[in-house]
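Below: one structure, written as structure tokens.
The values are calculated or read from the model by the stated rules, or taken from the named source; none is laboratory data. This one's a predicted model, so the numbers in the text were calculated from it and none came from an experiment. Cβ: placed from backbone, ideal geometry, glycine included. Neighbour counts: every protein chain shown. Surface areas here come from the heavy atoms of the whole protein model, side chains and all, with no ligands, DNA or RNA. Shrake-Rupley method; radii C 1.70, N 1.55, O 1.52, S 1.80 Å.
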Amino acid sequence: MEATSTNLGHVQSVDITEEMRSAYLDYAMSVIVARALPDARDGLKPVQRRILYAMHDMGLRANSAYKKSARIVGEVLGKYHPHGDQAVYEAMVRMAQDFSMRYPLVDGQGNFGSIDGDAPAAMRYTEARLSHLAEEMLADLDKDTVDFIDNFDGSLQEPVVLPSRIPNLLMNGASGIAVGMATNIPPHNLRELVDALVYLIDRWDNLDEVGVDDLMAFVKGPDFPTGGIIVGADAIKQAYTSGRGKITVRGVARIEEGKGGRYRIVITQIPYQVNKASLIERIAHLVRTGRIDAISDLRDESDRRGMSIVIELKRGTQPRKVLNQLYKHTPLQTTFGVQMLALVEGEPRLLSLKRAMVVYIEHRREVIRRRSAYELDKARKRAHILEGYLIALANLDAVIETIRRSPDAETAKERLMERFHLTEVQAQAILDMPLRRLAALERQKIEDEYRSTQERIAYLEDLLAHPKKVLQVIREDLLDVAERYGDERRTKIAAQATGEIREEDLVQDEPVLISLTQKGYIKRVPTRTFRAQGRGGRGVMGHTTRDEDEVILLLPARTLYTVLFFTDRGKVYSVKAYQIPEAGRTGKGVPIVHLLPLLPGEQVTAAVPVPDFAAAEYCFMTTRRGRVKRVRLEEFAAVRPSGLIAITLADDDALGWVRLTKGDDEIILVTERGQALRFHESEVRPMSRQAAGVTGIRLHPGDALAAMEVVEPKGDLLVVTAQGYGKRTPLSEYPRKSRATGGVRTIDVHALDKIGPIVAARVVQEADDLTLISANGVVLRTKVRQIKRAGRATRGVRLMNLQSGDAVASVARLAAHLLNNRTKGPQAA
């Protein structure tokens with residue numbers, strides 16, 4: 001039996017690798033060109049263009065009635081876009097959302113979704129029509145301004161691109177993911193874009209001289225529909241220059257003070273493309289997990305008037321700190337990745353701001369040229385007919401006679417052409433002309449129309465002959481749309497701000513008191529905790545100390561300062577003031593060894609708050625035995641965690657005081673037995689960190705240093721004794737002497753047995769506040785002006801009433817500039 005052969009046709013062997021590569025490239029280019037990327041000329045993807053064109057074809061103008069979205073989607077699917085109905089509907093919905101599009105192109109009626117992420121209603125419920133701006137994009141479409149191509153089945157034609165009187169690519173932006181590439185173009189303000197485009201048009205002959213800085217004088221940055229704040233201008237410039245960059249966007253929030261000293265944060269704008277409901281859920285999650293513990297209530301009060309997310313804070317909370325935490329841990333601050341990728345001549349191109357504008361202007365030049373050529377051709381044809389009318393009117397009786405004597409219309413047409421030298425078009429128009437146009441008034445109208453048509457022809461011919469005049473037409477069109485549709489910028493730009501949230505950004509800058517006890521307990525307390533009292537007051541409890549523990553250091557600073565801690569062994573450690581745990585007025589604090597790696601037996605004896613390391617030139621140090629030393633402050637700018645050697649000490653000496661100086665200051669040293677020596681710091685040359693220093697003051701037997709201060713103009717020297725006595729004496733009463741001398745008296749030495757030795761001395765100003773703290777932890781805050789001025793050798797008056805067995809431990813000056821929230825460095829303790 002003979003086997004039957006099967007005709008398989010032509011079989012071609014191909015390499016599967018090459019076939020996969022070829023097929024995938026075809027697929028990738030289809031997605032890139034026909035689906036995901038916008039055209040740089042009109043800023044639309046194919047599906048968006050087809051939706052607008054279909055609505056235009058349906059007659060859905062901005063002033064017409066709405067039509068069901070399902071009908072529009074069906075029109076688009078059946079005629080131009082053979083894909084899923086949901087894909088078309090979602091594209092139309094986005095063009096109608098005022099929180100997605102800076103300038104919506106579709107005017108929707110019904111539920112088109114919300115900024116909370118709510119889905120739009122089904123297309124059978126919603127209705128839509130073109131917006132006024134969409135009509136501007138479609139203007140002159142019927143004047144041969146753009147090319148048309150066949151639709152998917154060849155039965156209809158659709159535009160390749162829209163004429164677009166508005167710069168839609170930059171105005172509304174675009175986003176899309178293709179194969180191997182993606183685009184993410186931010187929206188911009190129409191008025192700003194028009195101003196920049198006009199600037200370019202005015203300098204069209206010198207485009208190379210126009211830089212991104214010139215354009216950014218008009219286009220400040222993206223303008224998102226949801227507002228917000230763009231942080232930093234450098235990222236904007238980078239994106240506009242290269243077409244790629246990252247822009248940090250923050251929401252807008254205000255801090256309101258409520259009842260009982262409570263604060264609330266009200267968020268009124270959120271970053272672009274952030275889901276409001278998800279943002280609220282994220283904040284709630286942070287509260288539940290304890291990441292943010294200062295929020296007591298969270299609610300959404302948004303309504304038709306605008307967005308309002310209210311965050312109630314607990315009493316005593318720093319609202320700025322919480323707001324910074326929200327910026328750091330929630331989408332209230334996000335990054336918008338700019339990728340200005342669009343199709344130029346059918347190929348994907350990464351565009352700079354200038355290039356995107358130039359492409360748009362070139363597109364409009366072509367549109368105006370084609371429109372003018374179309375209108376010129378139409379005007380010439382009309383003028384030709386009008387010329388025939390005028391010939392007929394000039395020979396009216398002869399024309400009527402010719403027509404009357406002709407047996408039929410065709411013969412009449414031929415006779416008219418032959419007798420009056422008319423073209424076929426003119427002869428046919430004369431035959432079609434109604435008799436009413438033979439009236440005198442109608443004749444005048446024909447003559448006027450012919451005259452205006454000739455003027456229009458001359459204008460169009462001149463326009464086409466002079467490209468610069470085409471640019472002026474584009475300029476006028478742009479100014480017209482900006483005048484009619486432009487609005488104010490919604491997104492603010494914080495040019496000097498930074499998007500990076502550092503640890504310091506989460507801390508409120510405020511004046512604080514840092515206290516340290518003899519047994520090493522440290523804490524930070526806001527200065528507002530202590531109210532000012534009169535001289536001789538009993539004070540309030542400021543520090544609960546452990547048994548036989550004494551406060552030895554009270555330091556005014558600000559939370560963002562760097563604090564240098566110097567120990568009795570001559571070492572220095574560095575921490576930020578906000579890193580010191582905050583405690584209540586009567587709290588014990590925490591052991592300082594939790595902050596500093598102190599050696600056994602090592603104690604902190606001095607501390608210096610540093611606003612920044614350019615605020616002073618030197619650190620001036622003094623030991624208990626009267627040795628002094630000057631070191632450049634910059635040597636302590638980078639203290640390692642284990643500390644640095646600040647001074648080399650003798651076995652029987654200890655580092656006691658450190659102050660910041662500027663190189664031309666005067667120093668005053670005060671001893672426990674009442675001697676004071678004033679000298680210029682230049683008498684102590686700058687030394688290395690390891691140096692031991694030189695003699696500062698000559699001490700009498702049994703005496704030791706009690707204080708070291710920097711002299712201030714118009715200042716007083718305040719001295720305080722162990723029994724709570726004190727006085728202030730003008731610094732002018734202390735003569736300047738040489739280093740290593742004995743100095744002059746600053747207290748009544750005969751009263752020392754009663755008032756006690758000097759425990760502290762401070763240079764003060766009239767407007768300063770003063771805080772005294774006793775060994776038992778009692779704090780008194782008073783005004784310097786309430787303390788009596790007295791001579792050098794007097795004993796002073798009682799400043800603080802002490803209980804039996806108690807004594808003054810330390811004194812801190814609260815400088816007036818510190819209380820007034822200025823940035824000048826305070827005095828150290």
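Ignoring everything except DSSP H segments at least 4 long, calculate the 222 nm mean residue ellipticity for the chain; use -39,500 (n - 2.57) per segment, divide by total residues, nearest 500. Rounded to the nearest 500, it is -9000 deg cm²/dmol.
Seen from ILE647, the other residues with C-beta closer than 11 Å to its C-beta sum to a net charge of +4, counting Lys and Arg as +1 and Asp and Glu as -1.
Calculate the length of the line joining the C-alpha centroid of the stretch 159-184 to that of the stretch 247-296, in whole Å. Here the two parts' Cα centres lie 34 Å apart. In a shell of Cβ-Cβ distance under 11 Å around PRO581, excluding PRO581 itself, what net charge do Lys and Arg (+1) and Asp and Glu (-1) give? Charge balance in the 11 Å sphere: +2.
Candidates TYR327, ILE115, LEU200 compared by Cα position along the dipole of the chain: farthest toward the positive end lies TYR327, with charges placed on Cβ.
Where the alpha-carbon atoms of the stretch 641-759 are placed on the principal axes, they occupy 43, 32, 29 Å, in descending order.
Sorting the segments 223-231, 691-699 by their mean number of nearby beta carbons within 10 angstrom, highest to lowest, gives 223-231, 691-699.
Ranking ILE149, VAL744, ILE311 by how far each Cα lies toward the positive end of the dipole of the chain (charges on Cβ) leaves VAL744 at the top.
When every Cα-Cα distance of the stretch 291-432 is counted in 5 angstrom steps from zero, the calculated P(r) takes the values 2, 7, 10, 8, 5, 5, 4, 5, 6, 6, 6, 5, 5, 4, 4, 4, 4, 4, 3, 2, 1, 0 percent.
Convex hull volume per residue, computed on the Cα atoms of the stretch 357-485, equals 141 Å³. Between the amide H of TRP657 and those of THR622, distances stay under 5 Å, these residues lying 5 or more places away or on another chain, with hydrogens modeled in the peptide plane.
Applying the Karplus relation 6.51 cos²θ - 1.76 cosθ + 1.60 with θ = phi - 60° to the stretch 796-813 yields 3J(HN,Hα) values of x, 10, 6, 9, 8, 7, 9, 6, 4, x, 8, 8, 5, 9, 7, 9, 10, 8 Hz, where x marks Gly and Pro.
Ligands, DNA and RNA aside, HIS329 has an accessible area near 50 Å² when probed at 1.4 Å. Taking GluC sites (Glu not before Pro) across the stretch 202-302, none is in a DSSP loop with at most 10 further Cβ atoms lying within 10 angstrom of its Cβ. Over the stretch 18-189, how many percent of alpha carbon pairs lie in each 5 Å bin up to the one with the longest distance? For the stretch 18-189, the pair-distance distribution reads 1, 8, 17, 21, 21, 17, 8, 4, 2, 1, 0.
Summing Cβ point charges (Lys, Arg +1; Asp, Glu -1) relative to the Cα centre of the chain gives a dipole of roughly 5500 debye. Measuring nothing but how far apart in sequence close Cα pairs (under 8 Å, 6+ apart) lie, relative to its length, the chain scores a relative contact order of 9 percent. Our Cα-only numbers for the stretch 252-331 put the radius of gyration and Dmax at 12.0, 37 Å. The residues packed around PRO467, meaning those with a beta-carbon under 14 Å from its beta-carbon, carry a net charge of +2 if Lys and Arg are +1 and Asp and Glu are -1. Farthest toward the positive end of the dipole of the stretch 357-485, out of TYR374, LEU435, ALA392, is the Cα of TYR374, where the dipole comes from beta carbon charges about the Cα centre. Once the Kirkwood radius over Cα pairs is known for the stretch 181-249, the Stokes-Einstein relation at 10 °C and 1.306 mPa s delivers a diffusion coefficient of 122 µm²/s.
About its Cα centre, the dipole of the stretch 252-331 is roughly 200 debye, where the only charges are +1 on Lys and Arg Cβ and -1 on Asp and Glu Cβ.
Rg over Rh for the chain works out to 1.23, both radii taken from alpha-carbon positions and Rh defined as the Kirkwood radius. Under a 5 Å amide H cut-off, with hydrogens placed 1.01 Å from N, THR248 pairs with VAL231, PHE336 among residues at least 5 apart or on other chains. Distant-in-sequence amide contacts of SER175, defined by a placed amide H-H separation under 5 Å and a gap of 5 or more residues or a different chain, comprise ILE185. In angstrom, the C-alpha Rg and Dmax of the stretch 552-704 are 15.6, 44. Each part reduced to its alpha carbon centroid, the stretch 586-624 and the stretch 88-123 end up 61 Å apart.
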